[in-house]
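As structure tokens, the structure follows; a few thoughts come after it.
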Amino acid sequence: MHIDLAIDKTLRAGPRRFHLQAAFTAHSDRLVILGPSGAGKSLLLKTIAGLERPDHGHIRLAGTTLFDSAQRICVQPQLRQVAYVFQDYALFPHLDVRQNVGFGLTRGWRNPRRGVRDERIGYWLQALGLEHVAHQYPHELSGGQRQRTALARALASEPRALLLDEPFSALDAGLRADMRAELDALQRRLQVPMILITHDPEDARLFGGQVLTLRDGLVESIT
Ligand SMILES: Nc1ncnc2c1ncn2[C@@H]1O[C@H](COP(=O)(O)OP(=O)(O)OP(=O)(O)O)[C@@H](O)[C@H]1O
């Protein structure tokens, strides 16, 4: 997946100011955004998803312009066909696993019914090994199951890219290694481009692909 991005974005909170000034091109189906806490990693990922709007610049993904201040283009998040998996997974607590995954298929904000039948839900439950917990609620799941539910929900929307904000941060060391391997296998199997945030160089090394290093809102390197 080709990504061409050059953006500026300033955030202000009282007297504090944070300036993200990022420009890079990448072509891998696996891009890791690496950097210390506060480097601007989430902000960068959110601008790609359309959850934050840059002040200036452009973002092009696989040949499609998602944002271009000069051309006054800013595609709405729901039309970008990118799925964003939040650090805390942001599952709906009042929906069971099946309904959470079904939410990825629905347009608009209506909750899927509890017994909703859609073979695509079954497909994603099976693909992520969630069939046996399909009727459990998020608080009844392990960390790994929660993450798989979030991934299934994201993938059900058939995005052209999956954006993952610190997918391993909530997991303990053992599970972290398992989930790295699972994500690796999932990417290979589905060939879905992934952009993944981490502050752990080990994640970047093991996940492979290109690595973009951010520091203080600036691109330090891309390899
Ligand atoms: N709404 C906001 N207003 C002002 N500053 C903000 C706002 N949101 C984030 N920031 C600041 O922007 C900077 C970048 O935040 P961001 O969440 O992108 O960092 P990060 O690299 O993802 O960090 P972490 O690894 O800790 O999640 C931080 O210094 C943060 O304090």
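Throughout, read-outs are computed from the coordinates displayed, never taken from laboratory work. Everything quoted here is computed from the prediction, not taken from an experiment. Using ideal geometry, Cβ is built from the backbone for each residue, glycine included, and neighbour counts are taken over all protein chains shown.
Calculated on the Cα set of the range 133-219, radius of gyration then Dmax: 13.8, 44 Å.
Comparing His58, His199, His135 in a Gaussian network model of the chain where C-alpha atoms under 10 Å apart are linked, the largest mean-square fluctuation is found at His135. Using every pair of distinct Cα positions in the range 24-149, the Kirkwood expression returns a hydrodynamic radius of 16.8 angstrom. Looking at the range 116-156, the pairs of alpha carbons with a distance over 16 Å make up 25% of the total.
Please report, to two decimal places, log10 I(q)/I(0) for the range 18-60 at q = 0.17, 0.33, 0.35 Å⁻¹ as given by the Debye formula with identical point scatterers on the Cα atoms and no solvent. Reported log10 I(q)/I(0), two decimals: -0.50, -1.48, -1.48.
Against the chain, whose longest principal axis is taken from its Cα atoms, helix 173-190 shows a tilt of about 90°.
Charged neighbours of Ala23, selected by a Cβ distance under 13 Å, balance to -1 (K, R count +1; D, E count -1). Here the range 1-122 is assigned +1 on the Cβ of each Lys and Arg and -1 on the Cβ of each Asp and Glu. Its dipole about the Cα centre then comes out at about 380 debye. Dipole orientation for the chain: of the candidates Ala6, Gln191, Thr223, Ala6 has the Cα lying most toward the positive pole (charges on Cβ; Lys, Arg +1; Asp, Glu -1).
Here the dipole of the chain is about 680 debye; that uses its Cα centre as origin and unit charges on the Cβ of Lys and Arg (positive) and Asp and Glu (negative). Angle of helix 143-156 to the longest C-alpha principal axis of the chain, folded into 0 to 90 degrees and rounded to 10: 80°.
Equivalent-ellipsoid semi-axes for the chain (Cα gyration tensor, √(5λ), whole Å, largest first): 29, 20, 16. Adding -39500 (n - 2.57) for every DSSP H run of four residues or longer, then dividing by how many residues the chain holds, sets the calculated 222 nm ellipticity at -8500 deg cm²/dmol. Normalised by the number of residues in the range 1-149, the mean separation of alpha-carbon contacts (under 8 Å, six or more apart) gives a relative contact order of 18 percent. Within the listed set Gln99, Gln71, Gln126, the Gaussian network model of the chain (springs between alpha-carbon atoms below 10 Å) gives the highest mean-square fluctuation for Gln71.
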